[in-house]
Amino acid sequence: MLQLKLTGDIAGFAEGLKLTLPLLPIRLTDGGIPVKVERGDRLTAALTEKEGIIRWSKKAEFFRALSLIAQNGVGCSVTENRSFGHSGVLLDLTNNNMQKPGSLGMLFARMALMGLDTVFIQQIMQVEDYPRHGYLRDAYSYDELKAIDDMAYSLGIEAVPFVNTLNELMRDLWWDNWCPLLDVTGVALVGNEKTNRYLEAVVKAAAAPYRTRRIHLGIYPAQGVGLGRYLRDNGYRTVPEIIREHVGYMGEILDKLGLHGVMWADVYLMPEASEEIKQSAPASIELIYRAQNACAADMASLQKLPAHMMYAAEGCTNFGPAPRYDLTVAPMAESLKACRENGVKDAFIYFKGDDGAECSLFTALYQMQVLAEVDYTGSYDKIAVKSRFAACASGDADAFLGLDGFNVIGDCTGSPCKFLLYEDPLTLLFEKDCEGREFSKAYAALEEKCTAWREQNPVYAQMFDFYAKLAAALQRKCAWQEQAGKIVRAKDGAAAKALAASAPSAVYALRALKDAWRSLWYATRKTSGFEVIDLRLGALVQRMESAGRRMALFADGKVDDIEELSAERLPLATYKDGRIGMVLRWKDITTPSSLIM
């Protein structure tokens, strides 16, 4: 362990050091190697046996420099020029993904060691005069958000609140007495006095706990804008026209509260957006261009607008229980290169929590590390990133990347993990899509790997234990799914008897998965939202038990058929070229029947 003595300009780093030093092989002592800390125009980290130097231009760079010294030890000599003015993440902490403040503190500490300096926090919070906002959803209190901002600030990270003010309001405006505020389901009624009063209260509550004067307002051309109550009250107008109107109202609210806005850039890329509307984009509201693969033409178009433009890549957590580095990391690296070439100054990753926020946010650390290394070194060097990941995240990058194995199986790169997990064991909606594939063998091998990774990554042992349990449940469930339909259609009683006997093993594995998922969830998140996982897996356990009973009756000759399994199979998720596509919504996986009328 390195023993250092920090000297010089260190007064502002005390609280941040409390969060980061426990993560590094460094001990601060009076007898340690003296390391002078001073402000400069770029990051410098150097250490000899006699002395060291840390120079930083932004506070987060100090913590990155410290991690570089921890990584390289005596002999460290690094100077870095950043590609971007700011880099960081957008975290969706709504949609069942409400992280505990302490969990976010751990995440921020890792981010600071990487050198990331910005976090947008999409949040549910308590709102004065609107007690149903966040009701029974573990809404953050003012004090919790203030603590989150304090932790971020101590690490040199600007925490920026993020609330949706036009779209994605399905749960926020769910209650019957809020219907007058809606255009269509999930979309605010633009121009309505009561709507604007509500949005002002939301923006005020969201911004109050934070030091920054910036706030992300969401706003993009979602389906249904202007086609409900707005159409009845105002007649037809194009979506860009309606959004321009809404941005105008939000600008008045921001001016009243002394805030500066951020919004998505989507509307200004719509074919319907006239040049007049594009040029009306207020300079006081920054734009974030989000794309899996950044397009130079789009960036050039947006840079002609009065507003400052930033970029957000797609996050690896947006695809179900397991992360997708294969779909996000390389495209992000290429997009960041395009951003540098086209003069984009700020770059982020957007980690969403769609359809239950099933993926652990800590799987995002590897993609964050890639962003940081591209920012500070100018390139994506996989070997260098792995070394930095070990230093900053205390994890094995190969183990994290190995989690792609849940979805990348042979030539299948769709979303098998999610639909195979939740597919009903009797209706088998995706049997035809999976015909000829032996997913059970792939998941059996992955279970062994996850078990080994659990031992090799003690900091993330609980997370890899969950993934080992997920692989075990998928292996047993896939073994059932690969045989059940064939056995029933062949009227093979002996095979049916053996398959029925395997059902309790699948039930046990699903229950073990639910227990591991609960433990991981409660360790890092607030309790709200796990009821969704509980309902999904609880129903799956019950259906697996039912399937086992039905198969046993068939094996004993007490029933002649299992109608669901003997029905002719049709592909649902297969493209014309034979590839299996994405199915990421639980409601589209579990049954062809209506769950809710």
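The values are calculated or read from the model by the stated rules, or taken from the named source; none is laboratory data. Everything numeric in this text was worked out from a predicted model, so none of it was measured. Using ideal geometry, Cβ is built from the backbone for each residue, glycine included, and neighbour counts are taken over all protein chains shown. Please note that ligands, DNA and RNA were not included when accessible areas were found on the heavy atoms of the full protein model with its side chains. Shrake-Rupley method; radii C 1.70, N 1.55, O 1.52, S 1.80 Å.
A 22 angstrom limit on the alpha carbon distance is what I want to check against. Which of K432/K491; K304/K352; K441/K576; K449/K514 exceed it?
Check vs 22 Å cut-off fails for K304/K352; K441/K576.
Cα gyration tensor of the range 114-252, axes a ≥ b ≥ c as square roots of the eigenvalues: rounded (a/c below 1.5), prolate (a/b > b/c) or oblate? Don't skip to the answer; put the middle values down first.
Working: a/c = 2.51, a/b = 1.71, b/c = 1.47.
Prolate, since a/c reaches 1.5 and a/b exceeds b/c.
In the range 76-161, what GluC sites (Glu not before Pro) fall in a loop by DSSP, with at most 14 other Cβ atoms inside 10 Å?
Taking the range 76-161 and a limit of 14 other Cβ atoms within 10 Å, the loop GluC sites (Glu not before Pro) found are E128.
Give the separation of the Cα centroids, the range 351-405 to the range 519-553, in Å.
29 Å
For R237, put the label point 7 Å out on the Cα→Cβ axis and report which residues of the range 188-229 keep their amide N under 16 Å from it.
Only 188-196, 220-222, 224-229 fall inside the zone, counting backbone N under 16 Å.
Return the distance in nm (one decimal) between the two label points of a simple spin-label model at E531 and I383, each offset 7 Å from Cα along Cα→Cβ.
Each label point lies 7 Å from its Cα, and together they span 5.3 nm.
Can you give the accessible area of K497, probe radius 1.4 Å, in Å² rounded to 10?
For K497, the solvent-accessible surface is approximately 130 Å².
Considering the Cα trace of the chain, what is its radius of gyration and what is Dmax, both in angstroms?
26.0, 84
Distance from the Cα centre of the range 1-57 to that of the range 420-439, in angstrom?
What the calculation gives is 55 Å, centre to centre.
Decide, for the range 282-324, between rounded, prolate and oblate: order the square roots of the alpha carbon gyration tensor eigenvalues as a ≥ b ≥ c, take rounded if a/c falls under 1.5, and otherwise choose prolate if a/b is larger than b/c, else oblate.
Numbers: a/c = 5.71, a/b = 2.19, b/c = 2.61.
Judged from the Cα gyration tensor, the range 282-324 comes out oblate (a/c at least 1.5, b/c at or above a/b).
Just to be sure I understand the model, the point goes 7 Å from the Cα along the line to the Cβ. What's the resulting K587 to K337 distance in nm?
In this crude label model, K587 to K337 measures out at 4.1 nm.
Rank-order 357-365, 227-235, 212-220 by packing density, defined as the average count of other C-beta atoms within 10 Å over each peptide's residues, highest first.
Numbers: 357-365: 24.2, 227-235: 14.4, 212-220: 20.4.
Final packing ranking: 357-365, 212-220, 227-235.
Given a cut-off of 26 Å, name the pairs among K100/K256; K477/K497; K18/K256; K100/K469 whose C-alpha atoms lie farther apart than that in the structure shown.
Beyond 26 Å between Cα atoms: K100/K256; K18/K256.
Each label point is 7 Å from the Cα along the Cα-to-Cβ direction; what then is the distance between the points at Q279 and A300, in nm?
Label at Q279, label at A300, 2.0 nm between them.
Calculate the FRET efficiency for T29 and N81 from the Cβ-Cβ distance with a Förster distance of 22 Å, rounded to the nearest 0.05. Please report the intermediate quantities before stating the final value.
Numbers: r = 32 Å, r/R0 = 1.47.
Result of the calculation: an efficiency of 0.10.
Assign one of three labels to the range 10-112, namely rounded, prolate or oblate, based on the Cα gyration tensor with a ≥ b ≥ c the square roots of its eigenvalues; rounded applies when a/c is under 1.5, prolate when it is not and a/b is larger than b/c, and oblate otherwise. If you can, show how the numbers build up before the last one.
On the way: a/c = 2.46, a/b = 1.63, b/c = 1.51.
Prolate is the answer for the range 10-112, as a/c is 1.5 or above and a/b outweighs b/c.
If I fit a long axis through the Cα atoms of helix 365-377 and take the longest principal axis of the Cα atoms of the chain, what angle between them do I get, 0 to 90°, rounded to 10?
Taking the Cα atoms of the chain, the angle to 365-377 is about 30 degrees.
Using helices alone, I'd like the mean residue ellipticity at 222 nm for the chain: each DSSP H run of four-plus residues gives -39500 (n - 2.57), total over residue count, nearest 500.
-14500 deg cm²/dmol
Net charge near K432, counting Lys/Arg +1 and Asp/Glu -1 over other residues with Cβ under 10 Å of its Cβ?
Surrounding charge for K432 is -3.
Sort 538-549, 327-338 by the packing proxy (mean of other Cβ within 10 Å over each peptide's residues), most packed first.
Result, highest mean first: 327-338, 538-549.
If r is the Cβ-Cβ distance from E455 to V559 and R0 is 41 Å, what FRET efficiency results, to the nearest 0.05?
Taking R0 as 41 Å, the efficiency between E455 and V559 is 0.35.
Report for the chain the percent antiparallel among DSSP-assigned beta bridges with both residues inside it, nearest 5. Let's see the in-between values first.
Details: 13 of 59 bridges.
Antiparallel: roughly 20 percent of the beta bridges in the chain.
Quote to one decimal, in nm, the extra length available between R489 and W174 on full extension: 0.36 nm per residue of separation minus the C-alpha distance between them.
Value of the extension gain: 108.8 nm.
Please compute the contact order of the chain in relative form: average sequence separation of alpha-carbon pairs under 8 Å and at least six residues apart, divided by the residue count, as a percent.
Numbers: 1115 pairs, mean separation 72.2, N = 597.
Normalised by residue count, the contact order of the chain is 12 percent.
Using the per-residue mean of other Cβ atoms lying within 10 Å as a proxy for protection, in what order, highest first, do the peptides 501-512, 196-207 fall?
On the way: 501-512: 18.5, 196-207: 20.2.
Packing proxy ranking, top to bottom: 196-207, 501-512.
What FRET efficiency do you get for E193 and R39 if R0 is 56 Å and r is their Cβ-Cβ distance, rounded to the nearest 0.05?
0.70
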